[in-house]
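What follows is a single structure, written as structure tokens, with notes after it.
The values are calculated or read from the model by the stated rules, or taken from the named source; none is laboratory data. Note that this is a predicted model, so its numbers are computed, not measured. Virtual Cβ from ideal backbone geometry, glycine too; neighbours counted across all protein chains shown.
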Amino acid sequence: MKITPQCVVGLTWTLKDTLGAILDELDEPVDFLLGGDDLLAKIEEALQGYEAGATVNLHLEPESAFGDYDENLVFLEARKLFPSELEEGMTFDGAALPAGVNPETPREHIYTVTEIYPEHVVLDGNHPLAGIAIRLRLKVESVREATEDEIGQGSLGTGFFRLEAQATGNNTLH
């Protein structure tokens, strides 16, 4: 079966920056819904028409990947507003930031704790790969039709290309 909109594709990949440094490797196939929210538009576009076994190499500039870095999404907040077990790399949903943070902080972003000082915390609302051009080598491991339920959900819940805050405070790139 060829990849078409509204299908499920199993992928493995190697994600590198333009200098060749590996940023992420996915060795075991993960299923993604095309036509939903799981993949970047340029990746979905590039995969169209391929079948299982194909390898696709992409170069994505920031505007087609994780966006340009926006320094206006970096905030310095009082350390006392955050839990004592705070660690660099933890993320917070902007809609659930602690009371007392800067009211100008856009609530629709996910914020990563990038630095912790005795009196302050640096929150960054940019995706960790914002501003970086990437090279992506994709291997199509499988292709199947999406079910009506999968299409209705708009995602298989495996969207690596979104940053999501976790309720536990342990947060990852998905």
>> Given the criterion under 18 Å from the mean Cα position of the chain (by Cα) and surrounded by 15 or more Cβ atoms within 10 Å (Cβ to Cβ), identify the matching residue among Ala52, Ala65, Ala41.
In response: Ala65
> So which residues in the range 86-107 are touching an Asp or Glu at 6+ places or on another chain (Cβ under 7 Å), over 28 Å from Leu40 (Cα atoms) and surrounded by fewer than 15 Cβ atoms within 10 Å (Cβ to Cβ)?
Replying inline: Asn102
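For every residue, the table says whether it meets (1) outside any strand (DSSP E or B); (2) hydroxyl-bearing (Ser, Thr, Tyr).
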site	(1), (2)
Met1	yes, no
Thr12	no, yes
Glu25	no, no
Glu45	yes, no
Leu58	no, no
Phe66	yes, no
> Does the range 108-131 hold any residues that are in contact with a strand residue (DSSP E or B) (Cβ under 6 Å, 6 or more places away or on another chain), surrounded by fewer than 17 Cβ atoms within 10 Å (Cβ to Cβ) and among the hydrophobic types (A, V, I, L, M, F, W, C), and which are they?
Replying inline: Val122
> Of all residues in the range 68-93, how many are of a type in the set (Ser, Thr, Tyr) and either farther than 21 Å from Pro103 by Cα or in a helix (DSSP H, G or I) (or both)?
Replying inline: 2
> Considering only residues of the range 1-31 that are under 10 Å from Ala146 (Cβ atoms) and under 18 Å from the mean Cα position of the chain (by Cα), which is surrounded by the fewest Cβ atoms within 10 Å (Cβ to Cβ)?
Replying inline: Asp31
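Taking the stated definitions as given, is Arg144 modelled with pLDDT of 90 or more, among the charged types (D, E, K, R), within 24 Å of Ala65 (Cβ to Cβ) and outside any loop (DSSP other than H, G, I, E, B)?
no
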> Among the residues of the range 72-86, how many are under 17 Å from Tyr117 (Cβ atoms) and touching a residue at least 40 places away in the same chain (Cβ under 8 Å)?
Replying inline: 9
